[in-house]
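Before any comments, here is the structure.
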Amino acid sequence: MEYLPNIVFALALIAGIGFFARNVKKLSRNIKLGKDVDVSDNRPQRWRNMARIALGQTKMVVRPVAGLLHIIVYVGFIIINIEVLEIILDGLLGTHRLFAPLGTAYNFLIGSFEVLALLVIVAVILFWIRRNIIRLQRFIKPEMKGWPKTDGNMILYIELVLMTLFLTMNAADFQLQQLGAEHYVKAGAFPVSQFIVPLLEGLSESSLILVERTAWWLHIIGILAFLNYLYYSKHLHILLAFPNTFYGKTRPQGQFNNLESVTNEVKLMMNPDADPFAAPAEETSTEPEKFGASDVMDLNWVQLLNAYTCTECGRCTSECPANQTGKKLSPRKIMMDTRDRLEEVGKNMDANKGEFVPDGKQLLGDYISHEEIWACTTCNACVQACPVSIDPLSIIVEMRRYLVMEQSAAPMELNNMMSNIENNGAPWPYNQMDRLNWVNE
Ligand code: SF4
Ligand code: SF4
């Protein structure tokens, strides 16, 4: 019986970490459904991007208020969770405040965690007010109805509860230390939780232990539950922002990737020495199975990683000129739809022994409409605005490629322009012979 709490704790830990590992495996399998892409270039630049954008949060502070609040929550949450290490060891070994022998350093750490916890609580409340009372435009767009709204609020509630439990646990511990309770070594500094202590005045030692133990258990169970909630939430970005910024685009933003087979064909057309009737060379005759993308499996794995990393912050949508002028396009929705479809494909595979069974659906058409795709001006404002290096434009371009090259389903204006280029060598509907007529006018 003496070791029962340790055993229960070990089982909870194994279950929490095991379930998380299972979800990570699924996540990795889903991302690998994407096509391969070469991201081995520019390694130093990639490391710098990750350090600057994911760790340094440099793109967040472009909007100073939200940026500062986000940094507080991010730093606070990460640093406070260092304490989780002590909690886990205490839980497994049956000790209490295992790191207390660190003395002054320990007091400083616990004191700093408390100040950060308070700042996180303040930031989370302000975030909640922005979402639910002020109702910032980017949080009330159509794609944010239902689960995305609930998810955004849920994360705030969980963080609030975890920080409150942490401070309550410390307050009860502090009081027990004052009472000289057995097992409760005098350690730690409590600059914030000391103000909660008056609420616990008058409680007996056993009641205080009950409060402290309940807060302790709920805190660690809450962290394990939150860890597993990540997979189902936009909060997954706290983990994926790092690989995503590393594998993000390092070429100039306006530079598109060319389809190799098309490039080879154009080069052949432009080469005056080429024999148009010659059989194609072996290496240039391999055409891709499909031009562009109509479903998630046609995208590359970095684009799928992008979809899982999206924080649904809406900075891209608020900068998008198409969205600003009332068009149906929202780059955030492009990313959310890609993730939803990828999840659907993943569940299909889970239900069919790891094989995808065609379900008659695809990303283009069932999730993202042609109207959205063609509303894009390809301005790159969304890519520039994204705080975690996501590239919604690349997905839009791949879908356009599919519509043009596989379906011949471009809007009429574009089809006219493309036939003019094909027939007249220019986008205008005039014969090449008439090009210089303007000279005589
Ligand atoms: S590239 Fe397209 S989706 Fe992105 S901001 Fe510009 S118009 Fe909007
Ligand atoms: S793509 Fe980037 S900017 Fe747009 S909602 Fe997602 S994280 Fe925010």
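Residue-wise test of (1) in contact with a Pro (Cβ under 9 Å, 6 or more places away or on another chain); (2) assigned to a helix (DSSP H, G or I); (3) among the aliphatic types (A, V, I, L, M); (4) over 28 Å from Trp128 (Cβ atoms).
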| residue | (1), (2), (3), (4) |
| --- | --- |
| Thr150 | no, yes, no, no |
| Leu156 | no, yes, yes, no |
| Leu160 | no, yes, yes, no |
| Gln178 | no, yes, no, yes |
| Tyr184 | no, no, no, yes |
| Phe190 | no, no, no, no |
| Leu210 | no, yes, yes, yes |
| Thr214 | no, yes, no, no |
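Pull out all pairs, ordered by first then second residue, where Cβ-Cβ is under 8 Å, the residues are six or more apart or on different chains, the first lies in segment 150-174 and is within 28 Å of Phe139 (Cβ to Cβ), and the second is basic (Lys, Arg).
Asp151/Lys234; Gly152/Arg131; Gly152/Lys234; Asn153/Arg131; Ile155/Lys234; Leu156/Arg131
Give Leu239, Leu224 a once-over and let me know the one that is surrounded by fewer than 17 Cβ atoms within 10 Å (Cβ to Cβ), out of contact with any Asp or Glu (no Cβ under 7 Å at 6 or more places or on another chain) and within 26 Å of Phe77 (Cα to Cα).
Values: Leu224 fails: surrounded by fewer than 17 Cβ atoms within 10 Å (Cβ to Cβ).
Selected residue: Leu239, the only one of Leu239, Leu224 that is surrounded by fewer than 17 Cβ atoms within 10 Å (Cβ to Cβ), out of contact with any Asp or Glu (no Cβ under 7 Å at 6 or more places or on another chain) and within 26 Å of Phe77 (Cα to Cα).
Just to be sure, is Leu208 free of Cβ contacts under 8 Å to residues at least 40 places away in the same chain and in the same structural domain as Tyr157 (by TED's automatic domain parsing)? Can you show your working first?
Details: free of Cβ contacts under 8 Å to residues at least 40 places away in the same chain: yes; in the same structural domain as Tyr157 (by TED's automatic domain parsing): yes.
Here the answer is yes, as Leu208 does meet what is asked.
So how many residues does segment 36-51 have that are within 30 Å of Ala351 (Cβ to Cβ) and open to solvent by less than 90 Å² (accessible area, probe 1.4 Å)? Can you show your working first?
Looking only at segment 36-51, we keep the residues that are within 30 Å of Ala351 (Cβ to Cβ), and these are 36-37.
When the remaining residues are screened for being open to solvent by less than 90 Å² (accessible area, probe 1.4 Å), the result is 37.
Qualifying residue count, segment 36-51: 1.
Could you grab the pairs with beta carbons closer than 6 Å, sequence gap of 6+ or different chains, first residue in segment 287-314 and under 12 Å from Arg341 (Cα atoms), second one among the hydrophobic types (A, V, I, L, M, F, W, C) and open to solvent by 10 Å² or more (accessible area, probe 1.4 Å)?
Cβ pairs passing all conditions: Met297/Leu33; Leu304/Ile31; Tyr308/Leu240.
What's the number of the only condition in (1) more than 12 Å from ligand 2 (Cβ to nearest atom); (2) surrounded by fewer than 23 Cβ atoms within 10 Å (Cβ to Cβ) that Ser318 fails to meet?
With (1) more than 12 Å from ligand 2 (Cβ to nearest atom); (2) surrounded by fewer than 23 Cβ atoms within 10 Å (Cβ to Cβ) applied to Ser318, the lone miss is (1).
Could you list, in sequence order, the residues of segment 190-205 that are touching a residue at least 60 places away in the same chain (Cβ under 8 Å) and open to solvent by less than 40 Å² (accessible area, probe 1.4 Å)? Spell out how you get there, then give the answer.
Within segment 190-205, the subset touching a residue at least 60 places away in the same chain (Cβ under 8 Å) is 190-193.
Across segment 190-205, the qualifying residues are Phe190, Val192, Ser193.
Does Asp340 fit the bill of being closer than 21 Å to Ile31 by Cβ, open to solvent by 30 Å² or more (accessible area, probe 1.4 Å) and within 15 Å of ligand 2 (Cβ to nearest atom)?
Values: closer than 21 Å to Ile31 by Cβ: yes; open to solvent by 30 Å² or more (accessible area, probe 1.4 Å): yes; within 15 Å of ligand 2 (Cβ to nearest atom): yes.
So Asp340 fits the description; yes.
Among the residues of segment 285-299 satisfying the criterion of being at pLDDT below 95 and open to solvent by 10 Å² or more (accessible area, probe 1.4 Å), which is nearest to ligand 1 (Cβ to nearest atom)?
The extreme case among them is Phe291.
For segment 9-66, what are the residues that are outside any helix (DSSP H, G or I) and either farther than 30 Å from Gly354 by Cβ or in contact with a Lys or Arg (Cβ under 7 Å, 6 or more places away or on another chain) (or both)?
Quick first cut of segment 9-66, residues outside any helix (DSSP H, G or I) only: 32-42, 56-59, 63.
Within segment 9-66, Asp41, Asn42, Gly56, Gln57, Thr58, Lys59, Arg63 meet the criteria.
Name the single residue that is farthest from ligand 1 (Cβ to nearest atom) among those in segment 377-413 being more than 22 Å from Arg339 (Cβ to Cβ) and touching a residue at least 40 places away in the same chain (Cβ under 8 Å).
Among those that are more than 22 Å from Arg339 (Cβ to Cβ) and touching a residue at least 40 places away in the same chain (Cβ under 8 Å), it is Glu406.
Please specify each residue of segment 370-397 satisfying the condition of being assigned to a loop (DSSP other than H, G, I, E, B) and closer than 22 Å to Val302 by Cα.
As a first pass, look at segment 370-397 and keep what is assigned to a loop (DSSP other than H, G, I, E, B): 375-380, 386-391.
Residues satisfying the conditions are Cys376, Thr378, Cys379, Asn380, Cys386, Pro387, Val388, Ser389, Ile390, Asp391.
Please find, within segment 370-393, the residue that is nearest to ligand 2 (Cβ to nearest atom) out of those that are open to solvent by 30 Å² or more (accessible area, probe 1.4 Å) and of a type outside the set (A, V, I, L, M, F, W, C). Show your work before the answer.
Keep residues of segment 370-393 that are open to solvent by 30 Å² or more (accessible area, probe 1.4 Å), which gives 370-371, 374, 377-379, 384.
Subset that is of a type outside the set (A, V, I, L, M, F, W, C): 370-371, 377-378, 384.
On the way: His370: 21, Glu371: 20, Thr377: 16, Thr378: 16, Gln384: 10 Å.
By that ranking, first place goes to Gln384.
Would you be able to tell me the number of residues in segment 414-441 that are closer than 25 Å to Lys290 by Cβ and open to solvent by 60 Å² or more (accessible area, probe 1.4 Å)?
Residues of segment 414-441 that are closer than 25 Å to Lys290 by Cβ, as a first pass: 414-415, 417-419, 421-422.
Still in the list and also open to solvent by 60 Å² or more (accessible area, probe 1.4 Å): 417-418, 421-422.
Total satisfying the criteria: 4.
Taking segment 329-368 as the search range and keeping residues that are under 23 Å from the mean Cα position of the chain (by Cα) and part of a loop (DSSP other than H, G, I, E, B), which one is farthest from ligand 1 (Cβ to nearest atom)?
Gln362
Pull up segment 315-328, narrow it to residues that are near ligand 1 (Cβ under 9 Å from one of its atoms) and not in a helix (DSSP H, G or I), then point me to the one that is nearest to Leu230 (Cα to Cα).
Restricting to residues being near ligand 1 (Cβ under 9 Å from one of its atoms) and not in a helix (DSSP H, G or I), the top hit is Cys320.
The values are calculated or read from the model by the stated rules, or taken from the named source; none is laboratory data. Computed from a predicted structure; not experimentally measured. Here Cβ is always computed from backbone atoms with ideal geometry, including for glycine, and neighbour counts include all displayed protein chains. Each accessible area value is taken on the protein alone, full model and side chains, heavy atoms only, with ligands, DNA and RNA left out. Shrake-Rupley method; radii C 1.70, N 1.55, O 1.52, S 1.80 Å.
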